[in-house]
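Novice: Can you keep this structure in mind? I'll have questions shortly.
The values are calculated or read from the model by the stated rules, or taken from the named source; none is laboratory data. What you see is a predicted model; the values in this text were computed from it and never measured. Positions of Cβ are generated from backbone atoms using ideal geometry, with glycine treated the same way; all protein chains shown enter the neighbour counts.
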Amino acid sequence: MTFLYKPMGALALWAVCAAAQAQVSVENAWVRATVPGQKSTGAFMTLRSASDARLVAAQSDAARAAEVHEMKMEGDVMRMREVQSVALPAGQTVELKPGGYHIMLLDLGRQIVEGETVPLTLVIETAGRRETLRVQAQARPLASAARPAAHGHGAH
């Protein structure tokens, strides 16, 4: 019977190592506050992964839908489009910011008020395996740019 314990122990150790490698940290998560009747807003943050990973989806209780988007110049026109994923290279910082990659919260259920906390769930894929991260994003004024917050809101 001892021949079964070694492979099982190795498998358990591999599972622990794989979970540790997939670790993604989130800092400075924020959403742009809205005006009454506004139906969408953006969510922004800084991501860092211990191993190669991808941000593949997002959700929020504040919106009917959340999509990962990219804004970029095409000729003289700034265009926004949904993307399938955002690469999170191992050990590198990836910033979701106005004018670049970001999360669009669509069909908001209500106004997002400056100072409130908006829950987000990020879906991260590493080596074909998906995991979710819960993030608390602070609502900042409408005129906010990608300025750093006084302190980050970590993922759980």
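Novice: Name the single residue that is modelled with the highest pLDDT among those in the stretch 135-156 being farther than 16 Å from Q59 by Cα and either acidic (D, E) or under 14 Å from the mean Cα position of the chain (by Cα) (or both).
Specialist: G154
Novice: I need the full set of residues from the stretch 46-67 which are over 16 Å from G91 (Cα atoms) and out of contact with any Pro (no Cβ under 8 Å at 6 or more places or on another chain), in order please.
Specialist: Passing the criteria: V56, A57, A58, Q59, A63, R64, A65, A66, E67.
Novice: I need the full set of residues from the stretch 91-114 which are among the hydroxyl-bearing types (S, T, Y) and either surrounded by 15 or more Cβ atoms within 10 Å (Cβ to Cβ) or over 23 Å from K72 (Cα atoms) (or both), in order please.
Specialist: Y101
Novice: In addition: Can you go through V56, V86, V24, V35 and tell me which one is more than 26 Å from E114 (Cα to Cα) and surrounded by fewer than 16 Cβ atoms within 10 Å (Cβ to Cβ)?
Specialist: V56
Novice: Tell me, which strands (runs of 3 or more DSSP E) lie completely within the stretch 18-132 with 3 or more residues that are touching a residue at least 12 places away in the same chain (Cβ under 8 Å) and of a type in the set (D, E, K, R)?
Specialist: 63-74
Novice: Can you go through T132, T117 and tell me which one is modelled with pLDDT of 95 or more, surrounded by fewer than 19 Cβ atoms within 10 Å (Cβ to Cβ) and within 12 Å of the chain's Cα centre (by Cα)?
Specialist: One residue alone meets the criteria, T132.
Novice: Also: Return a yes/no flag: does the stretch 13-35 have any residue that is of a type in the set (D, E) and either under 17 Å from T132 (Cα atoms) or modelled with pLDDT of 95 or more (or both).
Specialist: yes
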